[in-house]
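Accompanying notes for the structure given below.
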């Protein structure tokens, strides 16, 4: 799906208003660069999604994500390791 110029500029202006990107104009050309690290943006979006869709319940989210498909053993092991780390504090 390709976006037209107007749609792209609207999105970038909104992101700039929210402090996610900053614009620079040089030689009549406008460029944008991020102000938020990808990891920080992903965490913020994940927390927002968890709150909106699952009312903050991480276990409900994991349960619904794994209900229709099985997880590879490697991912199960990684989840166990995360839980053990949380228990250890």
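Here are some notes:
- Whole-number D in µm² s⁻¹ for the chain, Kirkwood Cα-pair radius fed into Stokes-Einstein, 4 °C, 1.567 mPa s: 77
- Counting only alpha carbon atoms, the long axis of helix 5-17 and the longest principal axis of the chain meet at about 70°.
- Helix 73-88 axis, angle to the chain major axis (alpha carbon atoms, nearest 10°): 80
- Full-stretch length increase - residue 4, residue 75 - with 0.36 nm per residue and alpha-carbon distance subtracted: 21.7 nm
- Using the Cβ-Cβ distance between residue 64 and residue 20 with R0 set to 22 Å, the FRET efficiency works out to roughly 0.15.
- Relative contact order (%) - the chain, alpha-carbon pairs under 8 angstrom, separation at least six: 11
- If R0 is 22 Å, the Cβ-Cβ spacing of residue 31 and residue 11 corresponds to a FRET efficiency of close to 0.90.
Every number here is computed from the coordinates shown, using simple stated rules; none is lab data. Keep in mind that what you see is a predicted model, and the values were worked out from it rather than measured. A quick note on method: Cβ atoms are made from the backbone with ideal geometry, for glycine too, and the neighbour counts reach across all protein chains shown.
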